[in-house]
1. Looking at region 49-63, is at least one residue of a type in the set (Ser, Thr, Tyr) and without any contact (Cβ under 8 Å) to a residue 60 or more places away in the chain?
2. From the list Val103, Val95, pick out the single residue that is assigned to a strand (DSSP E or B), within 14 Å of the ligand (Cβ to nearest atom) and within 12 Å of the chain's Cα centre (by Cα).
3. Looking at Arg5, is it crowded, with 19+ Cβ neighbours inside 10 Å, modelled with pLDDT of 95 or more and either part of a loop (DSSP other than H, G, I, E, B) or among the small types (Gly, Ala, Ser) (or both)?
4. Quick one: in region 73-84, of everything that is in a helix (DSSP H, G or I) and either away from the ligand (no atom under 14 Å from the Cβ) or not small (Gly, Ala, Ser) (or both), which residue is nearest to the chain's Cα centre (by Cα)?
5. Are any residues in region 12-66 more than 10 Å from the ligand (Cβ to nearest atom) and hydroxyl-bearing (Ser, Thr, Tyr), and if so, which ones?
6. Which ones in region 13-30 are among the β-branched types (Val, Ile, Thr) and at pLDDT 95 or above?
7. How many residues does region 138-154 hold that are exposed (fewer than 13 other Cβ atoms within 10 Å of the Cβ), more than 10 Å from the ligand (Cβ to nearest atom) and within 23 Å of Ser61 (Cβ to Cβ)?
8. Looking at Leu87 and the list (1) assigned to a helix (DSSP H, G or I); (2) near the ligand (Cβ under 10 Å from one of its atoms); (3) among the hydrophobic types (A, V, I, L, M, F, W, C), which single condition is not satisfied?
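The values are calculated or read from the model by the stated rules, or taken from the named source; none is laboratory data. Computed from a predicted structure; not experimentally measured. Don't worry about glycine lacking a Cβ; one is built from the backbone with ideal geometry, like all the others, and counts go over all protein chains shown.
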Amino acid sequence: MACKRGALIVLEGVDRAGKTTQCKKLLEALQRSGRPAEMMRFPDRTTTIGKLISAYLENKSDLEDHTVHLLFSANRWEMVPLMKKKLEQGTTLVVDRYAFSGVAFTSAKPGFCLDWCKSPDVGLPQPDLVMFLQLSPSEAALRGQFGEERYEKSDFQRAVQNKFQQLMKDRSVHWQVINASQSVEDVHKDIMTHSLNAINLAQNQALAELWK
Ligand code: 2DT
């Protein structure tokens, strides 16, 4: 490796756990400390594939369930060359949702098993750290109403939460559960500590492939 690579850091969690807020805070803190870092989010709604996904999530179009699952995965794969380039250049990527959301959301639908849902994402860049922002459904409810998008219903979110619990049993992924019911600043402190460790470890390790 010509220079020390950046780390691939993913934040996952159920709705209203504070993922996007925490991604932004982490990004700013890393940049302030002089570490090159950029943020990405999935789905990336700006690409051609992302626009199809966005219309689906906004209930402006209907897509068959397998089809939309594969589009979410394709939306990650289309970013892989850019992700690898950035990581190799030493930039740490802070990513708001990744393949784990992909599997948790689709496998929460009737008729889908975890293995089928994982298969299109096998071989994606393996995150160095996946932080799961844990918040109980009752605490999430206190943070306000759900939005209007397709998956923003409490029964479905509960099923998604269960699928995340199943995914977290997989020891091939570096999961870290974060207590998201703390204050925004305390959650940030936890996230920063785990991220700095991951960045230090990643420097001397080759990027691995997810679920392979
Ligand atoms: P936000 O843009 O508000 O995060 O919501 N989803 C996400 C999937 O079903 N599959 C995926 O692969 C990904 C990344 C989670 C996006 C919604 O899309 C769901 C909520």
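1. The answer is yes, given that some residue of region 49-63 is of a type in the set (Ser, Thr, Tyr) and without any contact (Cβ under 8 Å) to a residue 60 or more places away in the chain.
2. Val95
3. Yes: the conditions hold for Arg5.
4. Applying the filter and picking the extreme gives Arg76.
5. Matches in region 12-66: Thr21, Ser33, Thr46, Thr47, Thr48, Ser61.
6. The answer is Thr20, Thr21.
7. Residues flagged as exposed (fewer than 13 other Cβ atoms within 10 Å of the Cβ), more than 10 Å from the ligand (Cβ to nearest atom) and within 23 Å of Ser61 (Cβ to Cβ) within region 138-154 amount to 2.
8. (2)
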